[in-house]
Each structure stands twice: as structure tokens, then as C-alpha cells.
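Peer 1: Below are the C-alpha cells for one structure; questions will follow.
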Amino acid sequence: MLAITSLQVPKDNSANLPDGGASNHCEDACSPPPDRPIRYTELPADGIRLAVSDGVSNTSFSGIWAALLVRAYVTGGIEEQLSTYRLEWWDRVTTGWPNLAGTPLKKARTGAAATMLGLSLTPTVGESLAAWRADACGDSCLVLVRKGQAILKFPLEQASQFNRMPPSIRTGEFKKDAANPATENEPAPLVGCTTGSVEPGDIFLLMTDALAKWFYTEQEEGGQPWAELGALTGPGEFEQWATENRTAGKIENDDVTLVLAEFVKEAPHERVL
Amino acid sequence: MARATRKTPGCVLFLLDCSSSMYGEKSENLAKCVNETIQEFISVCTNGAETLDRFHIGAIRYGNETGNAIEIDNPSDFLQPVSALEQMLLPEDPSEIRQWVKARAGGGTPMKEAFEIAYGILEKWTGEHPDSPRPTVINVTDGQANDLVGTQAEAEKLRSMKTADGEVFVFNIHISENKSTSVVLPTEAAMQKMDLGRESEFANGLFKMSSELTNEMVTLAETVFPGKDQPKPGAKGFAFNAQLTWLPKLFQIGTMAG
């Protein structure tokens, strides 16, 4: 059985609101979305694709771009149809905010950016359960846990590699009166790729940067962070866990997204979603 | 270092020498750099359709007319939240840099009065925002203050004010069009070695009025001013005979305090 669970907690914006209230504005995106757990007894013949993306917060409308990148990856169009998604981003911004002017318009025209990590699982004939392939740009990370060991960390391998300027996929600039975004200086969208075979019991964790950095740090200090995350039974516990770790200074106040894909005989416990 | 948020906004106050010696390229460049810095703050605070009031910004000009350098309905409102600045002078073409501050030159150099006004503004502001990042005051001049001793006393008073994050950060930039010996972000030891001739007294006065750079500012300064005279730990927010082209870099470093 393959059990897939997505969990997400937006950053705590209360310090940014004069009245101290809460805001659920989130610039992370993932597939499957947080409210749709998936259980497969067998992988579909054409495989499945999972993704997390983190909108770069110093660019505008980056949450929309993150959601589009996730959709582009899971529908197989991230390389070939990126220009279409770029135009869709601009269309959504100008349709959703038709009165954009001044600095918000100027900043929107400079485009949005997001990091992305995608995992593709396809059935195989033979001994392994499936083949996997991961593609990444930036500091959204994949960890593969096998037999109680984190045997793969991708694309970053150490907590010290996280920084404020990760590579990202950009929409390009939308200059006034130009039909298409200026993307001539934009690098190829996905800069890293790695592949492997799935074995029974394998656990894949797809994480955006704040969670991944916490995970790497805990593991480097001898912990088993996958066990801590795996024990969380649903969004309520995950939110409480994130809040406690933010308060303790262990995890940065940022949007936190986890997609957990577990190849198990039976779902380890029923997550209340 | 405290973080600038809407609940605990940061504060940047410019003191701008508009005396007659600033006429021409100096006042024009200064106004341009201040306006670009204001635009950059607005841009950084803009997320999507909203400009979040994470910073309050103001500018005092001193010369034959000392007062608010930003023309607003109520000139005694010196510090403006970035969203209010965003709503001013909205251009049709958003790529155009607005002239919140205009180039002006005339009269003497009443720097002391500017520091006095700054004290009044920040006394009120720090009282209202006790948990905010330390406010930043950036003073740009090209010449001798009318009353250096009085100015030093006012600057000392200003620097003694604080938020929970620390004392007011004072950055003094002396600009010059000449290729005279320049000093950028010096330590006490470096300052003692400099021979600035007849300008030494004024330069040392401004140096004493300036705050020490934080480690983060020194690190940034090392990047923007590469070379053998790189700023070192213990360096102060002070420049003398700085070239006009250095202003954006110096503003970038100075505005890091908050």
C-alpha cells in the first residue's frame, strides 16, 4: 500500500498585523493538497507525481506561482509548457487585481519566483515496487528513509547549505505592453535530478525549506526526525507541533509543508484529515 | 536585532543638508538617492496588492528653510508609514521614481536644528514603539555645521534614546565633489591616522557623533566596498569626502540597522 498524506501550516503572521490577529496567507503549495489523503493498494499504471513548492516571499503573488508550478509538475508540463504557466500567472494576477497600480504593479511586473521539488513514482516489472525520480530547483527537499536510515537527501544534503538566496523558478519580467514575459536570462526550471528504486517500507518526505532545515539539523544531531513527523496523526497535531517548535526556536517562522509517501503493508495509523 | 513588522515597525529618518553649497549636482543626487531608497523600502514592504507598514520614513531638510523635506498637508507629520508614501504622487508609469524629496539649496548649515527636530520626532516615536528595531538617522552634509559643538550635543542626546532593541543609530555622511582624501566607515584607530588638514576638527566631530556599525553592517560593507580599505569590526557609520556615487551603498548599509 502507498499512503500519501500532505500537511501544511502557514507562517504565523500575527506579528505582522497591527491588531495581533492571525492570517492564513500561505505561499507554499503541494500536491496532493493538504485536505486530500490518498491511499493506493497499487500504483496506477501511469504512475503518480507528488510535488511541493515554496513561493519566494520577497516576490509578489508567489503563492499563485507555487501552485501553478505544482500543477505543471504533476501534469507533466513543467519543462515543455512553462511559458503557458508563466502567462497564466500574469493573467491570474491582472484578473484578480485589476486595479493594481504604483509599487504593487511595478513589483508584480518583475515577476514571481518559487522553489520546487517533484517526485515521480512509476510501477516497474520485477523485484522493486516502483521506480522513483526526483527533480528539484532550490531548497525544497526530498528525504528517503529506508530501514530506519535517511539514505538520501536531495537536492541539499546538509543543514548548513540552506541560505536566503536559493535557486528558484521565475515567471520572468512582464514589461509594459509586452505580449510575453522576458525570460531570456532565466535558467532551466529544474536544475537537479536523481533516480532510484522503491523498496517495501520506504518513506519519502517532501518538505519546504523551513521544515527540511529542521529535519536536517535534527538528524545531524543524531535524532530520527522522520519518526517524530510520522507520529503526528493529523493537521491539528502538525499545527501544534509547528507552533511549539517555532516558539522553541527550532523551526523558522515560515510556511511549512510536508508530503509524506509511505510504502507500507498497511497505513501505520489512520490520520484524521 | 529586532525585526521590523507592522506591530514593531522600523524607522528611518534622513537629515538633509540643503545649504547653498549643495547647489547643483550634490543636491540633485542626494534627492535622487533618498527617493530611490524610499521606493526600495516601499517595494520591500509590498507583498501582492498590499504595502505593509513595516517602516516609517521621514526626511528633515536644513538650510534657509529647515523642516519637513517631504511635502505633505501637515508638515509636522515627519514620519510617514510606507503605505502613506506609496499613496503620494502616484505616477501613471509605475517604473517612474517619485520625487518625495526635491533638490533644494540655499542658506547656511543649521545642522544642530535638524538634530533637535529629530530628537523631538524620535522621542515621541520611541515612546509609541518601545519594542521596535532601533531607529536609524542618516545625516548627509557637504560642509561645516554652523554650530559644531551644539550639533554634537544634540546628536549625543539623540543617540541616548532607545527602543528595546538598542540606541538610535546615527550615520553621518559628508559628501564632496572633489577627489580629496576620503574616509569610509573608519574605526577609531583608522580615524586617528587620517590627516584631513583643516577639515580635521569637523571630520572628527562628525565621527564622534556617529554610531558603531553592527557585525551585519560590517559584513555588508565588506561586500559593497571591496578592497584593502575594507571596513573592520569597530567601524563607525561615518564617511568623509564620500563621492556622490557612494551614496546608494552607504544608504544600503545605514538602513540595515533597523
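Since every read-out is calculated from the coordinates, none of them should be taken as a lab result. The model shown is predicted, which means the values in this text are computed figures rather than measured ones. Cβ: placed from backbone, ideal geometry, glycine included. Neighbour counts: every protein chain shown.
Peer 1: Which values, in whole Å and largest first, are the semi-axes of the equivalent ellipsoid of the protein assembly as shown obtained as the square root of 5 times each eigenvalue of the Cα gyration tensor?
Peer 2: 52, 24, 21
Peer 1: Okay, moving on. Please give, to one decimal in nm, the separation of the simple spin-label points placed at B:D77 and A:R36, each 7 Å out from Cα toward the Cβ.
Peer 2: 4.8
Peer 1: On to the next question. Which ³J(HN,Hα) values in Hz, rounded to whole numbers, follow from the phi angles of region B:50-59 under the Karplus curve 6.51 cos²θ - 1.76 cosθ + 1.60, where θ = phi - 60° and Gly and Pro get x?
Peer 2: The phi angles translate into 10, 10, 8, 7, 8, 9, 10, 10, x, 8 Hz.
Peer 1: Turning to a different aspect of this structure: Let me confirm one metric for peptide A:94-106, namely the mean number of other chain beta-carbon atoms within 10 Å of its residues' beta-carbons. Don't skip to the end; give the middle numbers.
Peer 2: Values: counts 0, 0, 2, 2, 0, 1, 3, 6, 12, 16, 10, 5, 9.
Per-residue shielding by partner chains comes out at 5.
Peer 1: Each residue of region A:55-64 in order: what ³J(HN,Hα) in whole Hz does its phi give by Karplus 6.51 cos²θ - 1.76 cosθ + 1.60, θ = phi - 60°, with x for Gly and Pro?
Peer 2: x, 6, 6, 8, 10, 8, 6, 6, x, 5
Peer 1: Given charges of +1 on the Cβ of Lys and Arg and -1 on the Cβ of Asp and Glu, with all other atoms neutral, how large is the dipole of region B:10-257 about its Cα centre, in debye to the nearest 20?
Peer 2: 720
Peer 1: About the Cα centre, and with charges only on the beta carbon of Lys, Arg (+1) and Asp, Glu (-1), how big is the dipole of the protein assembly as shown? Nearest 20 debye, please.
Peer 2: Working: 47 positive and 71 negative charges, 112 e Å.
Approximately 540 debye in magnitude.
Peer 1: How many Cβ atoms of partner chains, on average, are near each residue of B:37-48 if near means within 10 Å of its Cβ?
Peer 2: Values: counts 0, 0, 2, 1, 1, 5, 7, 3, 1, 9, 12, 16.
That average works out to 5.
Peer 1: Which one of A:L156, A:Y40, A:T5 has its Cα pushed farthest toward the positive end of the charge dipole of chain A, where Lys and Arg give +1 and Asp and Glu give -1 at the Cβ?
Peer 2: After comparing all options, I get A:L156.
Peer 1: On to the next question. What pairs from A:K11/B:K162; A:K107/B:K26; B:K112/B:K208; A:K176/B:K102; A:K106/B:K249; A:K250/B:K162 go past 20 Å between their alpha carbons? Display every interim value, and only then the final one.
Peer 2: Details: A:K11/B:K162 30 Å; A:K107/B:K26 29 Å; B:K112/B:K208 15 Å; A:K176/B:K102 27 Å; A:K106/B:K249 23 Å; A:K250/B:K162 29 Å.
Those over the limit are A:K11/B:K162; A:K107/B:K26; A:K176/B:K102; A:K106/B:K249; A:K250/B:K162.
Peer 1: With 10 angstrom as the radius, rank A:W90, A:W65 by how many other C-beta atoms surround their C-beta, starting from the fewest.
Peer 2: Numbers: A:W90 21, A:W65 32.
Listing A:W90, A:W65 from fewest to most nearby Cβ atoms yields A:W90, A:W65.
Peer 1: Using a Gaussian network model on chain A with a 10 Å cutoff between Cα atoms, which of A:V145, A:V125, A:V70 fluctuates the most?
Peer 2: A:V125
Peer 1: Also: How far is it, in nm, from the label point at A:A101 to the one at A:A182 when both lie 7 Å from their Cα along the line to the Cβ?
Peer 2: 2.5
Peer 1: Still on this model: Using alpha-carbon positions, what is the distance between the centroids of region A:145-168 and region B:32-95, in Å?
Peer 2: 42
Peer 1: Per residue of the protein assembly as shown, what 222 nm ellipticity follows from adding -39500 (n - 2.57) for every DSSP H run with n ≥ 4, rounded to the nearest 500? Can you show the working numbers first?
Peer 2: Values: 14 runs with 157 residues, N = 531.
Value at 222 nm, helices only, nearest 500: -9000 deg cm²/dmol.
Peer 1: Would you mind telling me which residue in A:S83, A:S53, A:S160 has the biggest mean-square fluctuation in a Gaussian network model of chain A, where springs connect alpha carbons within a distance under 10 angstrom?
Peer 2: Judging by the Gaussian network model, the answer is A:S160.
Peer 1: Same structure, new question: Can you put B:H174, A:H25, B:H129, B:H56 in order of Cβ neighbours within 10 angstrom, beginning with the fewest?
Peer 2: In order of increasing Cβ crowding within 10 Å: A:H25, B:H129, B:H174, B:H56.
Peer 1: Restricting to region B:10-257, compute how many DSSP beta bridges are antiparallel as a %, nearest 5. Before the final figure, lay out the partial values.
Peer 2: Numbers: 12 of 35 bridges.
In region B:10-257, approximately 35 percent of DSSP beta bridges are antiparallel ones.
Peer 1: Considering chain B as a Gaussian network with a 10 Å cut-off on Cα pairs, which listed residue, B:T219, B:T151, B:T66, attains the greatest mean-square fluctuation?
Peer 2: Maximum among the listed residues: B:T219.
Peer 1: In peptide B:3-11, how many Cβ atoms from other protein chains are near each Cβ within 10 Å, on average?
Peer 2: Average per residue, whole number: 3.
Peer 1: Please check chain B for the longest run free of trypsin sites (Lys or Arg not before Pro) that are loop-located per DSSP (anything but H, G, I, E, B) and have at most 16 other Cβ atoms within 10 Å. Please report the intermediate quantities before stating the final value.
Peer 2: On the way: sites that count: B:R3, B:K102, B:K179, B:K228.
Looking at chain B, B:4-101 is the longest stretch - no exposed trypsin sites (Lys or Arg not before Pro) with at most 16 other Cβ atoms within 10 Å.
Peer 1: Another one. Taking the Cα atoms only, what angle lies between the long axis of helix B:25-44 and the longest principal axis of chain B, rounded to 10 degrees?
Peer 2: Tilt relative to chain B: about 50 degrees.
Peer 1: For a protection proxy built on the mean count of beta-carbon atoms within 10 angstrom, sort B:74-86, A:233-245 highest first, please. Provide the component values of the computation, followed by the final result.
Peer 2: On the way: B:74-86: 18.2, A:233-245: 16.2.
With the highest mean Cβ count within 10 Å placed first, the list reads B:74-86, A:233-245.
Peer 1: Could you work out the longest stretch of chain A that avoids the trypsin sites (Lys or Arg not before Pro) located in DSSP loops with at most 16 other Cβ atoms within 10 Å?
Peer 2: Working: sites that count: A:K147, A:R164, A:K175, A:K176, A:K250, A:K265.
Free of exposed loop sites, the longest segment is A:1-146.
Peer 1: Here is a follow-up. For chain A, take the longest principal axis of its alpha carbons; what is the angle in degrees between that and the long axis of helix A:82-96, to the nearest 10 within 0 to 90?
Peer 2: It works out to around 60 degrees.
Peer 1: Roughly how far apart, in whole Å, are the Cα centres of region A:206-268 and region B:134-192?
Peer 2: 48
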